[in-house]
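The structure appears right after this line, and notes come after that.
Derivation of every value follows stated rules applied to the coordinates shown; laboratory data play no part. These numbers were taken from a predicted model, which means no experiment stands behind them. Cβ: placed from backbone, ideal geometry, glycine included. Neighbour counts: every protein chain shown.
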Amino acid sequence: MEALTRKWVIGLLVPATLIGMALLSIVGNPHPAAAQQAERLTVVSGYFDAYARGDVDEMLSAFADNAVFIGARLTGNCSYQTPCTDLAGIRQQLEGNVAVHSCQTIRNVEVSGAVVLGQFEDRNDGTRANGVERGLRSFIAQIPNDKITFYAVVFDTSDPQTAFHLAVAAGTQARPAPLPNPETPCAGV
């Protein structure tokens, strides 16, 4: 019953967060807390820096003990269908990302109160196996204090490379020749 309630709350949290962010962009914040925004940006930057190094412990340290993590997959661990709601599940997801030599590079980021929005390029073995150099993903992170309590990622399907990769992965597009994997995940980026 607790798991069902938690999934129900998570199902409401994502749309409510997006609506709240839209209202913030319309109304604005009359009292910006620049120092807090810089600290939140530092948390996200630290997470992505650790990601680039493949340092799972450092990545995991960015998350609160009760954080919710929703990756861009439809099913499986930390997916839309089964979000991770504890550090053990998040660790498993991050270890899996490191295992497929994922390199995530921030393209842009914006802080609005406790919410950090951004877009990153993702390069990994699976994307290159589908003949695609990189995919674009957008993320939202909620950081009320100094740890991420909510993190969700979605594919940017308006990007042609991302859309093509997803079509190949779904079997609706022919798989081209794979691209070679670099020696290290972020080589040449």
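Along region 61-73 the Karplus relation, 6.51 cos²θ - 1.76 cosθ + 1.60 evaluated at θ = phi - 60°, assigns HN-Hα couplings of 5, 6, 9, 5, 4, 9, 5, 10, 10, 10, x, 8, 7 Hz to successive residues, with x for each Gly and Pro.
Full extension of the chain segment joining Asn66 with Ala177 gains 35.8 nm, where the gain is 0.36 nm per residue of separation less the Cα-Cα distance. Look at the Cα gyration tensor of region 92-136: its axes a ≥ b ≥ c give a/c of at least 1.5 with a/b at or below b/c, and that counts as oblate.
Fewest-first ordering of Arg123, Arg53, Arg91 by other beta carbons within 10 Å of each residue's beta carbon gives Arg53, Arg91, Arg123. Counting beta carbons within 10 Å around each of Val98, Val68 and listing the fewest first gives the order Val98, Val68. Each 10 Å bin from 0 upward holds the following percent of the Cα-Cα pairs of region 32-170: 13, 44, 35, 9, 0.
Computed over neighbours whose Cβ is under 13 Å from that of Asp159, the net charge equals -1, Lys and Arg +1, Asp and Glu -1.
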